[in-house]
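K.L.:
Quick one: structure below, then a few questions.
The values are calculated or read from the model by the stated rules, or taken from the named source; none is laboratory data. All of these numbers come straight from a predicted model, not from anything done at the bench. Note that we place each Cβ from the backbone using ideal geometry, even for glycine, and neighbour counts take in every protein chain shown. Note: areas computed on protein heavy atoms with side chains; ligands, DNA, RNA excluded. Shrake-Rupley method; radii C 1.70, N 1.55, O 1.52, S 1.80 Å.
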Amino acid sequence: MVVVMRTDATEADVERVCEKVREAGGEAFVSRGTVHTIIGLVGDSALFRALDLDNLPGVDRLIQVGKPYKMVARSLHPEPTTVRIGPAQVGRATFTIIAGPCAVESEEQAHAACRAAKEAGATILRGGAFKPRTSPYSFQGLGKRGLEILAECRAETGLPVVTEVVDPRDVDLVAEWADALQVGTRNMQNFELLKAVGAAAKPVLLKRGFAATIEEWLMAAEYIAQRGNSEIVLCERGIRTYETATRNTLDLAGMAVAQRESHLPVIVDPSHATGHRDLVPPMARAALAAGADGVMVDVHPNPDEALCDGPQALRPADLQALARDLRALAEVLGRSIG
Ligand code: PEP
Ligand code: MN
């Protein structure tokens, strides 16, 4: 159940509702939007109904939620949310291009990739410093040094940085250096990590688990929102199917379902979804045409020598061409890029 407060509700009104709920043995989680404050209630709905919460001062209405997610549900928050990442934004108003290397490998490589991202018109940089790799023998990322290099790339380009955090113990460190925290596909149900990023003061880019249903994905977002961080961007990055021609199967319908079910922005990562550079532009264009809020793509100055995911990395010129195509398509669709 969810309590929607009136726009003129005071802090004391909000606290009164929370107190009543807690006295009745339930839990109350407050989410403050720009217009409405809502309070998600966890516990026995029948008990909450008996509390007559809708007659308390400041309460607009109670909503019985049919879905297990509450704070990220569109039913409670019909207006789509725009998430600010540094000076950039991700939301329905514009189509955002996030680009950068899969992994930060060296100063030179990261700067070249991030420069290419900026030149193509990306408004957010990506790049992994802590890499979750399938093999323990693969390059694991530069760790803290990678974060420092990303900060240099931000200083050079003026663009904010999103980077992955794989360990709850590193959340503070990564939040100190990055503009947004990425939770990768392998960690989508690492609940301790979700709680830790939920307590951080930076936006979170939450990738869909490669074997997660949309409901599980939204429940993972709910963990983050419930801890007080509602600045969440969802990212569809492909799911595992029987198909082997592509690295994963891009679930564009899943992107659209997530947008329908949640007020959070939803972007698409065609690089990790397909695993092949030649499939990235068509799937990025499809994402835009399907109404996604942005794309996140890998770019590398020399993909043949990449330490991570070279086959899916666009070369700088490929990214330029893709961005040009996206701008032309956006115009036809009446959307803007940036
Ligand atoms: C990444 O974006 O660097 C990454 C590892 O992606 P995913 O978690 O989707 O595999
Ligand atoms: Mn990768």
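K.L.:
Which order do the peptides 93-100, 4-11 come out in when sorted by mean C-beta neighbours inside 10 angstrom, highest first?
P.N.:
On the way: 93-100: 24.2, 4-11: 14.6.
Peptide ranking by packing, descending: 93-100, 4-11.
K.L.:
Here is a further query. What number results when the radius of gyration of the range 2-63, computed over Cα atoms, is divided by 2.2 N^0.38 Å? All intermediate terms of the calculation are to be shown ahead of the outcome.
P.N.:
On the way: Rg = 10.3 Å, N = 62, 2.2 N^0.38 = 10.6 Å.
Its radius of gyration relative to the 2.2 N^0.38 Å reference: 0.98.
K.L.:
Same structure, new question: Counting only protein heavy atoms, what percent of the accessible surface of the range 183-326 is carbon or sulfur at a 1.4 Å probe?
P.N.:
Values: 2700 of 5190 Å².
Answer for the range 183-326: carbon and sulfur cover 52 percent of the accessible area.
K.L.:
Provide the packing ranking of 128-137, 216-225, 163-172, i.e. peptides ordered by the mean count of other C-beta atoms within 10 Å per residue, highest first. Please report the intermediate quantities before stating the final value.
P.N.:
Numbers: 128-137: 15.8, 216-225: 24.1, 163-172: 19.3.
Ranked by mean Cβ neighbours within 10 Å, highest first: 216-225, 163-172, 128-137.
K.L.:
Still on this model: Where a Cα-Cα gap under 25 Å defines reach, which lysines qualify for K207, not counting those fewer than 8 residues away within the same chain?
P.N.:
K67, K70, K118, K131, K144, K195
K.L.:
If you don't mind, there's one more thing I want to ask. Can you tell me the FRET efficiency between R315 and R260 if r is taken as the Cβ-Cβ distance and R0 is 51 Å, rounded to the nearest 0.05? The partial results should precede the final answer.
P.N.:
Numbers: r = 35 Å, r/R0 = 0.70.
Efficiency, from the Cβ-Cβ distance: 0.90.
K.L.:
Still on this structure, I have one more. In degrees, nearest 10, range 0 to 90: what is the angle between the Cα axis of helix 316-333 and the longest Cα principal axis of the chain?
P.N.:
50 degrees
K.L.:
Stick to Cα atoms and the Kirkwood definition of Rh, then tell me Rg/Rh for the range 103-179. Mind dumping the intermediate values first?
P.N.:
Working: Rg = 12.1 Å, Rh = 12.5 Å.
Answer for the range 103-179: 0.97.
K.L.:
Which three extents, in whole angstrom, do the alpha-carbon atoms of the chain cover along their principal axes, largest first?
P.N.:
The Cα atoms of the chain stretch 65, 44, 41 Å along their principal axes.
K.L.:
Let me ask something else. With every protein chain present, what is the per residue accessible area of the range 187-338 (1.4 Å probe, Å²)? Before the final figure, lay out the partial values.
P.N.:
Working: 5870 Å² over 152 residues.
Here the per-residue accessible area is 39 Å².
K.L.:
Quick one: helix 144-157 against the long Cα principal axis of the chain, what's the angle to the nearest 10°, folded into 0 to 90?
P.N.:
80 degrees
K.L.:
Moving on. Would you grab the residues whose amide H sits under 5 Å from the one on V233? Only those 5+ places off in sequence or on another chain, please, with H modelled 1.01 Å from N.
P.N.:
Here V204, L205, L206 satisfy the definition.
K.L.:
Could you work out how far apart the two model spin labels at E215 and F191 are, taking each label as a point 7 Å from the Cα in the direction of the beta carbon, and quote it in nm?
P.N.:
The two pseudo-label positions are separated by 1.7 nm.
K.L.:
Next question. Give a residue-ordered list of calculated ³J(HN,Hα) values for the range 256-269 (Karplus: 6.51 cos²θ - 1.76 cosθ + 1.60, θ = phi - 60°; whole Hz; x for Gly, Pro).
P.N.:
Once θ is set to phi - 60°, the couplings for the range 256-269 become 5, 5, 4, 5, 6, 7, 10, 8, 6, x, 10, 10, 10, 10 Hz.
K.L.:
Could you check the spin-label model distance between R324 and K67? Points 7 Å from the Cα along Cα→Cβ, value in nm.
P.N.:
Once both label points are built, they end up 4.0 nm from each other.
K.L.:
Expressed in whole Å with the largest first, what are the equivalent ellipsoid semi-axes of the range 280-319 derived from the C-alpha gyration tensor as the square root of 5 times each eigenvalue? Before the final figure, lay out each step's value.
P.N.:
Working: eigenvalues 103, 16, 11 Å².
So the equivalent ellipsoid measures 23, 9, 7 Å along its semi-axes.
K.L.:
Moving on to the next point. Most fluctuating residue of P101, P87, P203 in a GNM of the chain with Cα springs under 10 Å: which is it?
P.N.:
Among P101, P87, P203, the largest mean-square fluctuation in the Gaussian network model of the chain belongs to P87.
K.L.:
Taking the Cβ-Cβ separation of S45 and E108 as r and a Förster radius of 41 Å, what is the calculated FRET efficiency to the nearest 0.05? Don't jump to the answer; show the numbers that get you there.
P.N.:
Numbers: r = 58 Å, r/R0 = 1.41.
With a Förster radius of 41 Å, E is 0.10.
K.L.:
Next question. Once fully extended, how much extra length lies between N302 and R84, figured as 0.36 nm per residue of separation less the alpha-carbon to alpha-carbon distance? Please report the intermediate quantities before stating the final value.
P.N.:
Working: separation 218, 0.36 × 218 = 78.48 nm, distance 3.11 nm.
Taking N302 through R84 to full extension adds about 75.4 nm, to one decimal.
K.L.:
Tell me, what is the FRET efficiency for D167 and E331 to the nearest 0.05, using R0 = 30 angstrom and their Cβ-Cβ distance as r? Walk me through the intermediate numbers first.
P.N.:
Numbers: r = 43 Å, r/R0 = 1.42.
Working from the Cβ atoms, E equals 0.10.
K.L.:
What residues qualify as long-range amide H neighbours of L314, i.e. H under 5 Å apart, gap of 5 or more or another chain, H built at 1.01 Å from N?
P.N.:
D298, V299, H300
K.L.:
Can I get the semi-axes of the range 251-293's equivalent ellipsoid? Compute them from the C-alpha gyration tensor as square roots of 5 times the eigenvalues, in angstrom, largest first. Intermediate results must be reported in sequence, preceding the final value.
P.N.:
Numbers: eigenvalues 79, 17, 11 Å².
The three semi-axes for the range 251-293 are 20, 9, 7 Å.
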